[in-house]
Every structure is written in C-alpha cells, then in structure tokens.
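Participant: Attaching a single structure in structure tokens format; questions to follow.
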Amino acid sequence: MGVMPKKKKTLTVQRVLALVIAYIMLCVGGGIVTSIFFLPAVFGANSVVKAVVPSLTVEGIDFDVTSLPQKSTMYASDGKTKITEFWDQNREVVPLKKVSKVMQQAVVAREDKRFFEHGGVDVQGVFRAFVQTYVKGGDQQGGSSLTQQYVKNALIMQASQDNDPISQYHASEDTIARKMREMLISVQLEKKYSKAEILQGYLNIAQFGGNSLYGVQAAAKRYFGTTADKLNVVQAATIAAITKNPNSYDPSVEANQKESEKQRNIVLQLMHDQGYISTKQYKEAVNTPLKDTLNLQSNSTGCMAAEYDAGYFCDYVVHKILNSKEFGKTQEDRERLLKEGGLKIVTTLDLDANTLLNETARKTIPPEDPSGMEIVMASVKPGTGEVLGFGLNRTYDATDAGLTDQTKDAMNYAVDYVDGGGRGFSIGSSWKPVNLVAWMEAGHSVNENLQTTTRYPTSLFACDRYKGGTDVWSLTNAITNNTVNPETPALALARSHNTTQASMASVIGLCKIADTATELGYHDAYTGETLDKTASFVPAMLVGNVNVSPLTMASIFAVYASNGVQCNPIALRKVTTVDGDDLKVPSANCHQAVDPEIIQTLAWAMNQGVVRTDGAGQVAKLANNRKTFAKTGTHEDQYVTTGGFIPNQIATFVLVGDVQNPVQNPIANIAINGQYHSYWDGSTIAAPAWRDFMNAYAERKQLPIDNDYGQAASKYSATSSSVTPIGGGKKTTPTQQQSTIIQQQNQSIQQSQQNQQSQQTTQNRQ
C-alpha cells in the first residue's frame, strides 16, 4: 500500500509534463499565448494541476531586456579619474554591437545551440530532458533555452528589486510550476523581441562569477582587464563556461582554475563542433593554460575600494547622496539609485589637495604613534563651497579591523554627525575671528580701546535670547594669566587674548555673535542647530567652547577668503544617469554674507597675528613671502587647532587631539611623533601642519601670490583715544553690584598683576 501513491504521483507528473510540452508546442507553432488554455477542462481536476495554475500568471511583468541594474562610478573633480564603484550587482550594460562576435558565439554554443531556430522554448531539448528525467529515471535535466534562462534571471532580479522574498523563492524554486512559467513567458518574449535583443539581455543579466559579478562587460574587465568588444576566443570561452556554476567556475579563485580550464575547453569543443571556430583555433585555444590568460582586476565595491586615499571623502559623498532628497524620496530609494542606477558621479575631490592633506596628517602624527593622538584636516575652495579633500592620520576601514586597529577607522571626524562624522569639537581661539566680524557688523572699529577684566557677570552679555544670570564668568589669558587693559579687538585677535573677547561681547551682546556665526555658516555638528539653539550658547562660546566640525570651520574660513561670500559645503559637481540626464545636486547656495570691507579688515587683523613679534600665529607663516592669514586655537588640554586661507584659493582647518577620549587622554605632558611638550597649543603642532600643507599645495598648484588682500577699511579701523567701558555699548545698564565687582577687579589688576587669580572656568590659549 505504501508504494502505490508514489507510482500514482509519478504518473500524474508525467501526465502534467506531457500536457505542458503539448501546450508549449502549440504556442510555438501557433504563436498564441493566453491564459484561456489553462481552463480546468484542459487539464482535468487533479490536485497537481490546480496547484500549478496560479503560478502561471504572467500579467503585469515587464521584461525590458535593455534596462538592468548597473553599477555607479564615482570620479574626482576632473570627471575622468575613477575613485570607486558602487553596486549590488557588478554590471555595466553594453549593447550587443559592443560584444565581440566570438563572445556571442561562445554563449550560444554553451547554453543553447538551437537558440536561433526555436521560438523561445527548445522543444527538442525539453523532450530530451523529459525522457531522461521522468521516463528513464536518470539525473534531472533542465532543457532550458537561453531565452528561458534570461526569463529566470529577470524574474529573480525583479523580485529582488521589489523586495519580495516570496516571488524571489518562486522564481528560483526547483518545481514544475517554475519551468512552465518560464516557458510561457519565453514564448511571449520571443514574440516581442528579436533574437539579438534577447541575446543582448542575457549577456548583460547573466552571472559570470562570484562576488556579484554580472554581465559580460564586468566579466571582461574583471578577468582580463579588457572590454567585451575586445574578447578573443579563449577569453570568451572562459567567460561563457562560468554561468553553469558561477562560484565553482570563477577563474579568479585559484582553487577553481583547474575546473575552470576544463569547462573552458568544453565550450571550445562546442564552438568547434557547431562551426564557430576552426580546428586550428580550437587546438591553439585548448593548449593555452588558463592561468596565463588571466589579468585579474579588483572586484571590490564602495568606499573600502576607493583609490587615491579617498576613502573618507568617498564616505562623505555617500552620506550626502543618501541624505539628499534630490536622489529619491527615501534613503532606501537613494541607496538603490546609487547601487543600481548606473550613475556617473563627478565629485569636488581635488586629488592634489586630498593626497597632500593625508600625507601631511600622517607625517605630523604617524598612525601608529604611541600617543594615540589624531589629526583631522579639511579643505574647501572659497566662493564655491567645494570640499577639496580630507586628511586624517588613519586609513579608512569599515570592517571590524577598523574598530580595534589604532591605524584604521571608518568615522570621518572632519564632518558632521549626519554625514558620518563625530559629534563636534570645541576649537579654542580659532573661533575669535567670528567675534571680530560680529564686532564690526555692530558698527565698531577694531582699533577701539576696550576696558577688560578677568571676571564678567554673565548678565552683561544679555540679549533677547540670552538673559545671563547672577553668576560670574572667570577667564584669563594664556601667557600673561591676566589682562591687557585697555586693549583693542585687533590686538586681542593678534595676541589671542580671551579677556577682550568678553569685553567685546559685553558691548554688543551674545546674540549678535551667535547671529554672525549663523551668517558665516556655523551649525552644531551633532544636532545641526544654530548656535543660539544649543547648550553652547553661553559666554564660553566667545573663546571657542562650541560644538563644530573641522569642515564647517574650513567653510567659515572660506568666507574670510572670498571677500565675505558664504557657501554651504558641497561634494558633488555633477551626477548623470545612464540615459545621459543630469540629476539635480545639492546647491552650495553661495551668497554675499558679509560686507567685503569687514572681511578685508578682519584679514588684516589676522595677518597681524603672524607678523607681529607678540603675535600668536607666527609659526603659521607661509613660504615665499606669501601674506599669511591664520588663527591658532587651544581648548583646555583637549584639542589644538589652526584655521587659515590663501585668498580665493583654499581654506583649511586642522584639529589635533584624542577625538574619542580627550578627557582621559589629554594633549599635555606627552610626546607626539617623538617630540615632548608639557604644554601643547595650536602653535606647537596644528599650525605647523597647516603651514606645511598650505605651502605644499600652493607649490603643487602654483597658486598666485595676492599680497594686496587684507587691506583694513578706514570705516572699521579708525583709532580712538577714548576707552569703552565694560558693557558700554549695551542698552541695559549693569546693576550696582555688577559694577562694584568690575571696579574691584580692575583695581586689583592695577595694584598687582601677579596677584591675579589663576583659577578659571574656561581657559583657551592661542
């Protein structure tokens, strides 16, 4: 009793297959494909047929043989130098006319020798497979035509794109239903498309190796370093042999090469037997060792495969694409476009800048340096917003190795959190040019004398969004540990004095400085918010206690370098689809943000910090008597920085410290690259790195010297013999208690500078 059901089932399967074959022959012969033939009256009421019928629906399926997922390619700013490629399926679609004749012949010989004779289904092959499998009971035979194989691949691809695992399963399951469905669709396909179009589709969709290698063009490049139109007989046979078992016959895997050569020779024999190659060609080809024919090229994808040390820049570009609505409604849509859209992505990457930035970073602090300190550099082209490159003393690595190896990392600390970076940094005195711009925008001269102190009631900085409190903000200057009283804002910038920054804010209010920061392009690196919306909106922001990325600061210095033109950072110049259409890319939104006369006066004051003997930025002086505009900074014992520019050419910002554990691993009493300092500030390491890079870049690019830039405007540089008192420019008057505190403090300064309190809540130096 246990044997009978199996026999009945086998007979039923045979009956069904016989009916299918008869049906397919009718389709091929009569040219009619319609679901009317699946009426129960045709097949009867057995359960096997009932289970099959629903899987045979083909309505709504669109098989465009020329439209397939393709890899996207990222280029440097020249539009020619390839940085890397992106793909889920490594494919580059090419028309049939760009596939060598022998490659076309090799595939037909291997897969379907009657391809040009049948109408989508090789009936002879189906009968042979049917008899061998179900009549003789031998090994299962496929009998699939080349058209059927294209249909199968297309169905799998479509299900994958639709994220439909059920359809994906049915497209690849080893069942009668799947075979029937493929046959029916193949007949329809042959009615709609020519043999050339179907062959073209197959050559572009078929898998020709492991690691997601699809299409003949990608295979030609991968295995032989050539293109599909240049493939010779041996190369074509090698590629054609792979599709039977892409992972096992992939010749790039050394363990596969013996079997790959065997399969290649089988294809060569078929080509000979079918009249595609001569006996002489056949003998020469089979006697050629496969290993000698290979010229293997990289098959890596994404930023891990980026060339020209551009891994971090690549990562930034990818984040920009995934975060920009220009490339799709959802992030999933954007990622699919990147990996399947066949885009040509031209970036703003300046190969010279990026190379020199990385070289300078690793020369300044070797990746394996025992200090564990990191250096992060970013450069922007003024007046355009174009990001030129990044420099980090690490190697980009998004694998697990990047988590444990000090020399590797996948996080680009030069950019904002949303763009794949950290949560931002306090930058010290390199912030101070922002204060000076705000000061001039409020109608003041940089040579106005200001009364200063080391203790400021926070209520002195009150404005509509900041009310201050009853507390007192204490601060000192790094070198003198006291004040210079009175002092001008210009000298305060050159000497990098903190106390005068507070005096300036007591006159114009904290809100004005926050507004100017926004005007210049500042935003919080973690939240993206403007300064007055964050926890950094306190008096300490005046000396760089903010939360900003090096790229944002480079962009702010680019405003200083372009006569006041502010641009948002951009990484994309042009993105083109496979059809040649240009997609809209994020705009830099460049606009005149600051009065050029204010910028020229600021540049003059920044240069004073380099040329004066008491200037804090002397070490940043550039070569060839080039006028230098730079500002150093130090945030406690955590970070040291320098920002600066060459007018209208490049703006660069440098940050040094332990970007992950600055408190636990301070940049003090430590040796870096073999040099010990008990006290590191911006001038000891960040400024030299900035100077070395800028000199190297200026020489590489032969940048013109513009020593006329930085001419102080009389409107903003007029001198005054009077002294503006603390809070003197404010509409609100300090309370009697506040005035008493200030008066007592100033008297103490006059009596003995050496008795000044050294304790402070925020200390930023140079």
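Participant: Restricting attention to the range 330-339, does a residue exist that is closer than 18 Å to P550 by Cβ and among the acidic types (D, E)? Walk me through it before giving the result.
Facilitator: Taking the range 330-339 as the starting set, the residues that turn out to be closer than 18 Å to P550 by Cβ are none.
Checked the range 330-339: no residue is closer than 18 Å to P550 by Cβ and among the acidic types (D, E).
Participant: Looking only at helices (runs of 4 or more DSSP H) that lie completely in the range 223-300, which have at least 2 residues being at pLDDT 95 or above and in contact with a Pro (Cβ under 9 Å, 6 or more places away or on another chain)? Give the steps one after another, and end with the answer.
Facilitator: On the way: elements: 233-242, 257-273, 279-286, 290-293.
Correct list: 233-242, 257-273, 290-293.
Participant: Also, quick follow-up: Right, Q161: at pLDDT below 70, touching a Ser or Thr at 6+ places or on another chain (Cβ under 6 Å) and not hydrophobic (A, V, I, L, M, F, W, C) or not? Working first, answer last.
Facilitator: Values: at pLDDT below 70: yes; touching a Ser or Thr at 6+ places or on another chain (Cβ under 6 Å): no; not hydrophobic (A, V, I, L, M, F, W, C): yes.
Here the answer is no, as Q161 does not meet what is asked.
Participant: Report whether or not E261 is more than 30 Å from R394 (Cβ to Cβ) and without any contact (Cβ under 8 Å) to a residue 12 or more places away in the chain. Full working, then the answer.
Facilitator: Working: more than 30 Å from R394 (Cβ to Cβ): yes; without any contact (Cβ under 8 Å) to a residue 12 or more places away in the chain: no.
For E261, the condition - more than 30 Å from R394 (Cβ to Cβ) and without any contact (Cβ under 8 Å) to a residue 12 or more places away in the chain - is not met.
Participant: Just give me the residues in the range 209-236 being in contact with a helix residue (DSSP H, G or I) (Cβ under 8 Å, 6 or more places away or on another chain) and over 18 Å from G342 (Cβ atoms), in sequence order. Spell out how you get there, then give the answer.
Facilitator: Here is the first cut: in the range 209-236, the ones in contact with a helix residue (DSSP H, G or I) (Cβ under 8 Å, 6 or more places away or on another chain) are 209, 213-217, 219-220, 223-224, 226-236.
Listed by number, the residues that qualify are G209, Y223, F224, T226, D229, K230, L231, N232, V233, V234, Q235, A236.
Participant: Residues Y202, Y193, Y223: which one is under 20 Å from D122 (Cα atoms), in contact (Cβ under 8 Å) with a residue 60 or more places away in the chain and within 33 Å of the chain's Cα centre (by Cα)? Let's see the steps before the verdict.
Facilitator: Details: Y193 fails: within 33 Å of the chain's Cα centre (by Cα); Y223 fails: under 20 Å from D122 (Cα atoms).
Among Y202, Y193, Y223, only Y202 is under 20 Å from D122 (Cα atoms), in contact (Cβ under 8 Å) with a residue 60 or more places away in the chain and within 33 Å of the chain's Cα centre (by Cα).
Participant: Sticking with this structure for a sec: Looking at the range 77-126 only, could you name the residues that are within 43 Å of the chain's Cα centre (by Cα), surrounded by fewer than 22 Cβ atoms within 10 Å (Cβ to Cβ), part of a loop (DSSP other than H, G, I, E, B) and among the basic types (K, R)?
Facilitator: Within the range 77-126, just K80 meets the criteria.
Participant: I need the full set of residues from the range 585-615 which are assigned to a loop (DSSP other than H, G, I, E, B) and closer than 30 Å to F327 by Cα, in order please. If you could, list the steps in order and put the result at the bottom.
Facilitator: Within the range 585-615, the subset assigned to a loop (DSSP other than H, G, I, E, B) is 585-590, 593-595, 612-615.
Selection gives V585, P586, S587, A588, N589, C590, A593.
Participant: Do the conditions hold for K152, that is, is it at pLDDT 80 or above, more than 22 Å from A237 (Cα to Cα) and either under 39 Å from the mean Cα position of the chain (by Cα) or basic (K, R) (or both)?
Facilitator: yes
Participant: Of all residues being small (G, A, S) and closer than 18 Å to T518 by Cβ in the range 588-604, which is surrounded by the most Cβ atoms within 10 Å (Cβ to Cβ)? Just the residue, please. Break it down stepwise before answering.
Facilitator: Pass one, the range 588-604, residues small (G, A, S): 588, 593, 603.
So of that shortlist, the ones also closer than 18 Å to T518 by Cβ come out as 588, 593.
Values: A588: 20, A593: 18.
Ranking the candidates gives A588 first.
Participant: Inspect all residues belonging to the range 619-627 and state whether any of them is at positive phi, out of contact with any Gly (no Cβ under 7 Å at 6 or more places or on another chain) and among the polar types (S, T, N, Q). Talk me through it step by step, then tell me what you get.
Facilitator: So the first thing to find is which residues in the range 619-627 are at positive phi, and the list is 624-625.
Narrowing further to those that are out of contact with any Gly (no Cβ under 7 Å at 6 or more places or on another chain): 624-625.
If we keep only those that are among the polar types (S, T, N, Q) as well, we get 624-625.
Looking for residues that are at positive phi, out of contact with any Gly (no Cβ under 7 Å at 6 or more places or on another chain) and among the polar types (S, T, N, Q), one finds at least one in the range 619-627, hence yes.
Participant: Any residue that is of a type in the set (S, T, Y) and assigned to a loop (DSSP other than H, G, I, E, B) - is there at least one of those in the range 504-521? Explain how you work it out, then say what you get.
Facilitator: Restricting attention to the range 504-521, the residues satisfying the condition of being of a type in the set (S, T, Y) are 506, 516, 518.
Now drop any that are not assigned to a loop (DSSP other than H, G, I, E, B), which leaves none.
No, that holds for no residue.
Participant: Here's a follow-up. Taking the stated definitions as given, is A401 farther than 29 Å from T576 by Cα, surrounded by fewer than 18 Cβ atoms within 10 Å (Cβ to Cβ) and either assigned by TED's automatic domain parsing to the domain that holds A630 or among the hydrophobic types (A, V, I, L, M, F, W, C) (or both)? Even if it seems obvious, please write down each step before you answer.
Facilitator: Values: farther than 29 Å from T576 by Cα: yes; surrounded by fewer than 18 Cβ atoms within 10 Å (Cβ to Cβ): yes; either assigned by TED's automatic domain parsing to the domain that holds A630 or among the hydrophobic types (A, V, I, L, M, F, W, C) (or both): yes.
Taking the combined requirement at face value, the residue satisfies it.
Participant: Turning to a different aspect of this structure: Can you say whether G383 is touching a strand residue (DSSP E or B) at 6+ places or on another chain (Cβ under 8 Å) and either free of Cβ contacts under 8 Å to residues at least 60 places away in the same chain or buried (at least 22 other Cβ atoms within 10 Å of the Cβ) (or both), as far as the supplied structure shows?
Facilitator: Values: touching a strand residue (DSSP E or B) at 6+ places or on another chain (Cβ under 8 Å): yes; either free of Cβ contacts under 8 Å to residues at least 60 places away in the same chain or buried (at least 22 other Cβ atoms within 10 Å of the Cβ) (or both): no.
The answer is no for G383.
Each row is one residue, and each column tells you yes or no for (1) closer than 15 Å to G383 by Cα; (2) more than 22 Å from the chain's Cα centre (by Cα); (3) among the acidic types (D, E).
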site	(1), (2), (3)
V559	yes, yes, no
Q566	yes, yes, no
P569	yes, no, no
V575	no, no, no
V578	no, no, no
D582	no, no, yes
V585	no, no, no
N589	yes, no, no
P596	yes, yes, no
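Participant: OK, next. Can you give me the ranges of the helices (runs of 4 or more DSSP H) entirely in the range 331-425 with at least 1 residues that are small (G, A, S) and at pLDDT 95 or above?
Facilitator: Qualifying helices (runs of 4 or more DSSP H): 351-364.
Participant: Within the set of pairs 6 or more residues apart or between chains, which connect a residue that is hydrophobic (A, V, I, L, M, F, W, C) inside the range 284-295 to a residue that is modelled with pLDDT of 95 or more and not in a helix (DSSP H, G or I) with Cβ atoms less than 7 Å apart?
Facilitator: From the range 284-295, the pairs are L290/P251; L294/P251.
Participant: Would you mind stating whether G710 is in contact (Cβ under 8 Å) with a residue 60 or more places away in the chain, closer than 23 Å to A603 by Cα, in a loop (DSSP other than H, G, I, E, B) and in contact with a Leu (Cβ under 9 Å, 6 or more places away or on another chain)?
Facilitator: On the way: in contact (Cβ under 8 Å) with a residue 60 or more places away in the chain: yes; closer than 23 Å to A603 by Cα: yes; in a loop (DSSP other than H, G, I, E, B): yes; in contact with a Leu (Cβ under 9 Å, 6 or more places away or on another chain): yes.
Yes; evaluated as a whole, the condition is true for this residue.
Participant: Kindly indicate which of A671, A623 is modelled with pLDDT of 95 or more, surrounded by fewer than 23 Cβ atoms within 10 Å (Cβ to Cβ) and in a strand (DSSP E or B).
Facilitator: On the way: A623 fails: in a strand (DSSP E or B).
Exactly one of A671, A623 is modelled with pLDDT of 95 or more, surrounded by fewer than 23 Cβ atoms within 10 Å (Cβ to Cβ) and in a strand (DSSP E or B), namely A671.
Participant: Exactly one of (1) in contact with a helix residue (DSSP H, G or I) (Cβ under 8 Å, 6 or more places away or on another chain); (2) surrounded by fewer than 18 Cβ atoms within 10 Å (Cβ to Cβ) is unmet by Y316. Its number?
Facilitator: Tallying (1) in contact with a helix residue (DSSP H, G or I) (Cβ under 8 Å, 6 or more places away or on another chain); (2) surrounded by fewer than 18 Cβ atoms within 10 Å (Cβ to Cβ), Y316 fails exactly one: (2).
The values are calculated or read from the model by the stated rules, or taken from the named source; none is laboratory data. Note that this is a predicted model, so its numbers are computed, not measured. Quick reminder, even Gly has a Cβ in these numbers, built from the backbone with ideal geometry, and neighbours come from all protein chains shown.
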